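The values are calculated or read from the model by the stated rules, or taken from the named source; none is laboratory data. Owing to the predicted nature of the structure, the values given are computational and were not obtained by experimental measurement. Here the Cβ positions follow ideal geometry from the backbone for every residue, glycine too, while neighbour counts run over all protein chains shown. Note: accessible area is taken over every heavy atom of the protein model, side chains too, but ligands, DNA and RNA are not part of it. Shrake-Rupley method; radii C 1.70, N 1.55, O 1.52, S 1.80 Å.
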Amino acid sequence: MRLELLAELNAARASRRAAVVVTELPGGAQRLVQNPAGDPLEAEIRAAIRSGRSGVVEADGARWFLTAHVPAPRMVVTGAVHISQALAPMAAAVGFEVTIVDPRTAFATPERFPGVDLRAEWPDVVLPDLALDPFTAFAALTHDPKIDDPALKAALDAGCFYVGALGSRKTHASRRVRLAAAGVSEDALDRVRAPIGLPIGAASPAEIAVSILAEVIAALRRPGERIP
């Protein structure tokens, strides 16, 4: 790999940007693609970014090896609640780096969330440090607008690949009004998955956690869903 290409790749990885090294076969000529829009292999590169897998692709009688460099997916949750207690270990088990944000110190305790990155602070304090990005899933689970609303706006502004919020359709309608008043566009509001989670009839906190995680994975991996 050329030194200048390696430097570009390292810069992309340090900034949590997806990048794909395209290697011509059998010649070995290489290029680095960070924005696949308009690239001759756009569909193949987007598929590699979505799956995080490297491999050989063929197009127009030629062959290339695509080496995918994709940031580890993260999940940021507002609300140190029962659903979060079930969701955090499930998400970690499938490869997400999980952070729980909740200023309510009675809930945000290490005893309730062992081994989890727990931030007992207000979202407007902690989220800039977390640097939300397009490889982050965000879930608002507190039912408290003072906590969830600013975090939802931050997640939408950052282009998180998944943004979901707990609550009924009536609750979400009120939430949309508040967020619109805070400057969130209608297109951005339409990205919020609410009620959060796949409609599997979940009742218990653990079942709701399963429905949320399944919806997050679908948003990350399924063709046709929004990806960077």
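Side notes on the structure shown:
- Surface accessible to a 1.4 Å probe, Arg221 within the full protein complex, Å²: 110
- In Å², nearest 10: area of His143 left accessible to a 1.4 Å probe: 120
- Using a probe radius of 1.4 angstrom, the carbon and sulfur fraction of the accessible surface of the chain is 56%.
- Dimensionless Rg over Rh [region 7-55; C-alpha; Kirkwood]: 0.95
- Protein heavy-atom accessible surface, 1.4 Å probe, per residue over region 55-205: 46 Å².
- Placing +1 on the Cβ of every Lys and Arg and -1 on the Cβ of every Asp and Glu, with nothing else charged, gives the chain a dipole about its Cα centre of roughly 320 debye.
- Area of Lys153 that stays accessible when all protein chains are in place (1.4 Å probe, Å², to 10): 60
- Helices that extend 15 Å or more along their long axis by alpha-carbon positions and average at least 0.0 on the Kyte-Doolittle scale are, among the DSSP H runs of the chain, 3-14, 82-93, 205-221.
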